[in-house]
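Student: Take this structure first; my questions come after.
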Amino acid sequence: MPRPILATIHSGALRHNLERVRQAVPDAKLWAVIKANAYGHGIERAFDALRGADGFALLDLAEAERLRQLGWRGPILLIEGAFEARDLELCSRLGLWHVVHCDEQIDWLAAHKTQVGHRVFLKMNSGMNRLGFAPGRYRSAWARLNALPQVDEISFISHFSDADGPRGIGHQLQVFHEATRDLPGERSLCNSAATLALAKDAQVRCDWVRPGIVLYGSAPDYPQHTDQDWALEPAMTLSTRVIGVQHLQAGDALGYGSTFTAEGPMTVGVVACGYADGYPRSCGTGTPVLVNGQRTRVLGRISMDMLNVDLTPVEGAGMGSEVTLWGRASTGQRLSIDEVARAGGTLGYELMCALALRVPVIAD
Ligand SMILES: *Cc1c(COP(=O)(O)O)cnc(C)c1O
């Protein structure tokens, strides 16, 4: 029998979450963001469930190629654009739309020999200071692109740093619209958090939204809202089984570093999942977990291949019991990836993307 750990990707949940985004912004076009192997869910599986999107956004050229091989003929946007000049050959050949965020990328385009006009998204650094042209340099970058025979159409894009936080998007929104005023072309600003919470305003929504995390069923602004508040369905379940049982007495220590000590008699389940499977080592004692669909907690340190859970409160649990690290138990109970992530001081994003290669993945 193989080691019992398994990730299950719920195609129905992906479709449901896409539909939720559609309802939130019915008159915007929608990029499904599937970078990082669809946030760990697998490009192929995600593509199958999300082909109702208007386009796919990602950054890895090999992932764009896979998407074309799967038969997607609609828009694909490279959200970081070309990494070197010859990447533009692939853009021409596969008809990829690409972001232009710096002068070098314009130089490469100007030197690029092609028969097909490129669709480019000119990126503005509206305050996040990651990628993009500063507002004061934006128009000259646009003018340069606009003069190139290689460029067919120019659209405008920027990214919010605080769509899910107290600072908000007002300052960036103002900078973006001011600097693009009168420029003809489509616009795109919203990530998941902005799409769900702020995109009622047409100035925010623009022509294209770029939801990522929400498609996978995690709340972009947790703990302000939960996945259930946004009516999302978890798209990934990580499950395994109890492979050993220990009975502790008061004073017995558990695991590396003896960080947990029993205060009275208790039953501990040793579970086939560790940090080498992508379960964060920072999710120690107290992190929620489901055993046979019932909530209990992690105990002690996470090891490479195993972790411990408290079986004391779970009636009938023992060897072979189902353990749900996040997602949905076979009995239907849910454990949100956001809640688990928070217990480990991180985000649902990181947990999904960190799912290890050694974990078998199936789709349901
Ligand atoms: C990752 C990314 C998104 C999607 O962000 P979510 O928070 O997952 O919705 C949108 N736009 C850009 C440029 C990104 O890098």
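Student: Between Arg93 and Glu80, what is the label-to-label distance in nm when each label sits 7 Å out along the Cα-to-Cβ direction?
Tutor: Inter-label distance under the simple model: 2.1 nm.
Student: Also, quick follow-up: Taking the Cα centre of the stretch 220-364 as origin and charging only Cβ (+1 Lys, Arg; -1 Asp, Glu), how large is the dipole, in debye to the nearest 20?
Tutor: So the dipole magnitude of the stretch 220-364 works out to roughly 300 debye.
Student: Take the alpha carbon atoms of the stretch 198-261, find their center, do the same for the stretch 42-110, and report the distance between the two centers in whole angstrom.
Tutor: A separation of 29 Å, based on Cα centres.
Student: Sticking with this one: Taking the dipole about the Cα centre of the chain, with the C-beta of Lys and Arg at +1 and of Asp and Glu at -1, give me whichever of Ala85, Ser282, Gln115 is farthest to the positive side.
Tutor: Going by the charge dipole, the pick is Gln115.
Student: Accessible area, 1.4 Å probe, largest first: how do Leu67, Leu198 sort?
Tutor: Most to least solvent-accessible, the answer reads Leu198, Leu67.
Student: Determine the gain in length on full extension of the stretch Ala250-Glu186; use 0.36 nm per residue of separation and subtract their C-alpha separation, reporting nm with one decimal.
Tutor: Extra length available between Ala250 and Glu186 comes to 16.5 nm.
Student: At 1.4 Å probe size, put Ile243, Ile106 in order of accessible surface, largest to smallest.
Tutor: Largest accessible area first, the residues go Ile243, Ile106.
Student: Tally Lys and Arg at +1 and Asp and Glu at -1 over the other residues with C-beta under 9 Å from the C-beta of Leu30: what net charge comes out?
Tutor: +2
Student: Moving to a separate point now. If amide hydrogens are placed 1.01 Å from N in the peptide plane, which non-local residues have theirs closer than 5 Å to the one on Leu254?
Tutor: HN-HN under 5 Å from Leu254: Thr259, Phe260.
Student: Sticking with this one: What does the net charge come to around Pro75 if you take all other residues with beta carbon closer than 10 Å to its beta carbon, with K and R at +1 and D and E at -1?
Tutor: +2
Student: Determine how large the accessible area of Trp108 is when every protein chain is in place; take a 1.4 Å probe and give Å² rounded to the nearest 10.
Tutor: Approximately 70 Å² for this residue.
Student: Can you tell me the FRET efficiency between Gln228 and Ser258 if r is taken as the Cβ-Cβ distance and R0 is 35 Å, rounded to the nearest 0.05?
Tutor: It comes out at approximately 0.40.
Student: Now a separate question. From the mean inverse distance of alpha carbon pairs (Kirkwood) and the Cα radius of gyration, derive Rg over Rh for the chain.
Tutor: A ratio of 1.05.
Student: Take Glu339, Glu19 and sort them by solvent-accessible surface of the protein heavy atoms, 1.4 Å probe, largest at the top.
Tutor: Glu19, Glu339
Student: Could you look at the stretch 53-183 and say what percent of its accessible area is carbon and sulfur, using a 1.4 Å probe and all protein chains?
Tutor: 47 percent
Student: Tell me the carbon and sulfur percent of the accessible area for the stretch 225-339, rounded to whole percent, probe radius 1.4 Å.
Tutor: 48 percent
Student: Oh, and also: With +1 on each Lys and Arg Cβ and -1 on each Asp and Glu Cβ, and nothing else charged, work out how big the dipole of the stretch 11-216 is about its Cα centre, in Debye to the nearest 20.
Tutor: It works out to roughly 300 debye.
Student: Keeping every protein chain present and rolling a 1.4 Å probe, give me the accessible area per residue for the stretch 236-363 in Å².
Tutor: Value for the stretch 236-363: 43 Å² per residue.
Student: Continuing with the same structure: Which order do the peptides 280-291, 139-150 take when ranked by the mean count of other beta-carbon atoms within 10 Å per residue, highest first?
Tutor: 280-291, 139-150
Student: Next up: For Ser282 and Met128 in the same chain, what is the full-extension length gain: residue separation times 0.36 nm, less their Cα-Cα distance, in nm?
Tutor: That works out to 52.6 nm of additional length.
Student: With every protein chain present, what is the per residue accessible area of the stretch 30-155 (1.4 Å probe, Å²)?
Tutor: With all protein chains present, the stretch 30-155 gives 43 Å² per residue.
Student: Still on this structure: Report the label-to-label distance for Arg167 and Thr331 in nanometres (one decimal), using points 7 Å from each Cα along the Cα→Cβ vector.
Tutor: Placing both labels 7 Å along Cα→Cβ, they lie 4.4 nm apart.
The values are calculated or read from the model by the stated rules, or taken from the named source; none is laboratory data. As the structure is a prediction and not an experimental result, all values here were calculated from the model. Glycine gets a Cβ as well: all are built from the backbone with ideal geometry, and neighbour counts include every protein chain shown. Protein only, heavy atoms only, side chains kept; ligands, DNA and RNA dropped before computing areas. Shrake-Rupley method; radii C 1.70, N 1.55, O 1.52, S 1.80 Å.
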